[in-house]
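Each value in this text was obtained by applying a stated rule to the coordinates, not by laboratory testing. A quick note: this is a predicted structure, and the numbers were derived from the prediction, not measured. Cβ placement follows ideal geometry from the backbone for every residue including glycine, while neighbour counts extend to all protein chains displayed.
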Amino acid sequence: MKKIIFASKNEGKVAEVRKILSELKIQIVSLSDVDFIGEIDEVGDSFEENAKIKAVEVFNKYKLPTIADDSGLVIEQLNGEPGIFSARYAGINADDKANNDKLLKNLNNKPEPHRAKFVCSAVYYSGEEIYTALGEVHGKIIGKARGTNGFGYDPLFIPDGYSKTTAELDPDVKNIISHRFKAFDQIKKYLLPV
């Protein structure tokens, strides 16, 4: 079976991507599965640049086709913050709670609704070709966390057309509307038939 590395150690993200790509006849292994040590410096100025950096670095190390993504939350009232710094918004070792707390503090004096979008740039790199895909889901940020089915900013984000946060939605519903699904569904279509 063909093997592709997903350049992530985030188990929640890995599980989502494995599910999205499950109909492909490939084995998706994470950075944890290949005992990747260290960090990849995400020095790009955009989600796409950071995804490419990860894909190329991991491919160069293991010489296996690699998929990578960079994703985050973009809020209009905060001039696009947290953006590419979403995972480390409250500091380099910040956890989800610290990031969410900082976000709510920064939105505290801004009028509602707090329009936002989740953005995911996904990349497939085979050593020869690089394919990029973009997925977005639009919605708003609420003032108090709700739900336990997600990670990151999911408990604060209500997608347009829904009354529940992405952390309250059934995981199957979330996967169909998510920014990550939209990006990796394009990757899946690109890789078919595998």
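Worth a mention:
- In loop segments of the stretch 35-71 as defined by DSSP, the GluC sites (Glu not before Pro) with at most 14 further C-beta atoms inside 10 Å of their C-beta are Glu39.
- Pair Asp33, Lys63: separation of 7 Å Cα→Cβ label points (nm): 2.0 nm
- Prolate/oblate/rounded call for the chain, Cα gyration tensor, a/c under 1.5 rounded: prolate
- Net length gained if the chain between Tyr131 and Lys9 were fully extended (0.36 nm per residue, minus Cα distance): 41.8 nm
- Beta bridges from DSSP with both residues in the stretch 2-191: antiparallel share about 80 percent, rounded to the nearest 5.
- Reported to the nearest whole Å, the Cα centre-to-centre distance from the stretch 166-187 to the stretch 83-101 is 21.
- Length-normalised contact order of the chain in % [C-alpha pairs under 8 Å, at least 6 apart]: 20 percent
- What separates the Cα centres of the stretch 1-32 and the stretch 34-73 is a distance of 14 Å.
- Label-to-label distance, Lys97 versus Arg115, with points set 7 angstrom from Cα along the beta-carbon direction: 3.4 nm.
- Order by protection proxy (mean Cβ within 10 Å, highest first), peptides 170-183, 17-30, 66-79: 66-79, 170-183, 17-30
- Surrounding net charge for Gly135, when Lys and Arg each add one and Asp and Glu each subtract one, Cβ distance under 11 Å: 0
- In the stretch 51-145, the trypsin sites (Lys or Arg not before Pro) that fall in loop regions by DSSP, at most 12 other Cβ within 10 Å: Lys63, Lys144
- Loop-resident sites, the stretch 1-106, for chymotrypsin sites (Phe, Trp or Tyr not before Pro), counting at most 13 other Cβ within 10 Å (DSSP): none
- For the chain, a simple Cβ point-charge model (Lys and Arg +1, Asp and Glu -1, everything else neutral) yields a dipole of about 380 debye relative to the Cα centre.
- Residue pairs, from the table Lys25/Lys63; Lys9/Lys117; Lys61/Lys102; Lys13/Lys52, whose Cα atoms sit over 29 Å apart: Lys61/Lys102
- A straight chain from Ile176 to Lys25 at 0.36 nm per residue would run longer than the Cα-Cα distance by 52.3 nm.
- Per residue, the chain reaches -9000 deg cm²/dmol at 222 nm when only DSSP H runs of four or more residues are counted, each adding -39500 (n - 2.57).
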